Amino acid sequence: MSNENTAGAMPGAKERVVKIIDNVDRLPSLPSIVLALMDVVNSSDSSADDAAKLVGQDPALTSKMIRLANSAFYGIPRSISSVSSAVVILGFNTIRSLVLSASVAKMFDGKHSLDMDRFWKHSVVTAMTAKIIVRHLMSVRMMDPESAFCAGILHDIGKLIFSQYMPEDYDAVCNYAKEKEISLFDAENTLLGINHAQMGKILSDKWSLPLDLEYSLVHHHNPQNAGEASYLVNVIHLADVIAHDLGFGMFDDEVCIAEVEQCRMELKIGTADFDKIVQIIEGSVDKSQEFLSTVIKG
Ligand SMILES: [Fe+2]
Ligand SMILES: [Fe+2]
């Protein structure tokens, strides 16, 4: 962390960051249902029944899952009335995304300096975009689109720590970014000496997230550093930039670090393909409202 004194920083901001890091035990823990569900998703011996039983223990999650499964978000033509059919039809990884998203929203439901509506809209649009990109590239490389959705939902989670645990400092960071017309990532580095990607790593370590998710949190602004997870991280970077371009940032005219050409090259997306992807996303953005109202706020 940098120790330089910078105009615009709140006095003591860097000390408050160190306090959060030193007291990592006080940051929210993943609920046991999410941990158990991750084990189920990762185990080759698991059945749909195992996942259904877990989710079924939580009435609020059960109702969210059934409502979302029947919404236009997934566009499933038949009606789904039980958790077990939702698991079978949507798949383990989709259930993991739903449960993780709902749990994270609940864990960070305190007072924030960031506009939470905008935060979650940005996260959900990034997640949907990432899923659409992966689907579009399926003939080039196989990846579960739902892993990209999950990474998209979580990619900026480090911002939630700043916004909930040091709201005044983060307000100053947002104002500094606006005033200097720089990205939040750069403003965080300057005023706090740490950025939301590094903060995301602290949560990822605490929660023992799988490596591909962790790398998406840590490297989404520097996809060139993502090593073995570079495919997914390039997807998340591109999805993040597209979400900003479509107006889904943390605030109006938020500056976003964009390495679009490099990412497109890595992912082998030509100009025509890229335009097509953006068009599909523009046509799907309305559906993000269903996810927000059912899973995040529901
Ligand atoms: Fe970010
Ligand atoms: Fe983002």
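Structure data summary
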quantity	calculated
For the chain, built as a Gaussian network whose Cα springs stay under 10 Å, the top-fluctuating residue of SER103, SER32, SER84	SER32
Rounded tilt (10° steps) of 230-245 against the dominant C-alpha axis of the chain	70
Residues MET10 and ILE280, FRET efficiency given R0 of 51 Å [Cβ-Cβ distance, rounded to 0.05]	0.75
Rounded FRET efficiency, nearest 0.05, which uses the C-beta distance separating LEU246 from ASP39 and R0 of 51 Å	0.90
Highest average packing first - 156-163, 195-202, Cβ atoms within 10 Å	156-163, 195-202
Translational D in µm²/s for the stretch 18-296 (Stokes-Einstein at 10 °C, 1.306 mPa s, Kirkwood Rh from C-alpha pairs)	83
Spin-label pair ASN225/SER81, simplified geometry with 7 Å Cα→Cβ offset, distance in nm	5.3
Helix 145-154 axis, angle to the chain major axis (alpha carbon atoms, nearest 10°)	40
Cα long-axis angle, helix 92-107 against the chain (0 to 90 degrees, to the nearest 10)	40
Normalised contact order of the stretch 18-296, rounded percent, pairs of Cα under 8 Å and 6 or more residues apart	22
Whole-Hz ³J(HN,Hα) from phi, Karplus 6.51 cos²θ - 1.76 cosθ + 1.60, for the stretch 41-51, glycine and proline x	5, 7, 8, 6, 8, 6, 10, 4, 4, 4, 5
Hypothetical label at VAL24: residues of the stretch 181-216 whose amide nitrogen lies under 19 Å (7 Å Cα-Cβ projection)	193-216
For the stretch 142-174 and the stretch 233-298, distance of Cα centres in Å	15
³J(HN,Hα), Karplus 6.51/-1.76/1.60, whole Hz, each residue of the stretch 55-63, x for Gly, Pro	5, x, 6, 10, x, 5, 5, 4, 5
Length-normalised contact order of the stretch 150-208 in % [C-alpha pairs under 8 Å, at least 6 apart]	41
Relative contact order computed over the stretch 230-298 (Cα-Cα under 8 Å; 6+ residues apart), in percent	32
Per-peptide average of other Cβ atoms within 10 Å, ordering 269-278, 212-221, 88-97 highest first	212-221, 88-97, 269-278
Highest-fluctuation residue, SER81, SER123, SER139 considered, GNM on the chain with Cα pairs under 10 Å	SER139
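Any read-out appearing in this document is the output of simple, stated calculations on the displayed coordinates, not a laboratory observation. Remember, it's a predicted structure, so these values are computed and weren't measured experimentally. Cβ sites come from the backbone with ideal geometry, for glycine too, and all protein chains shown count toward neighbours.
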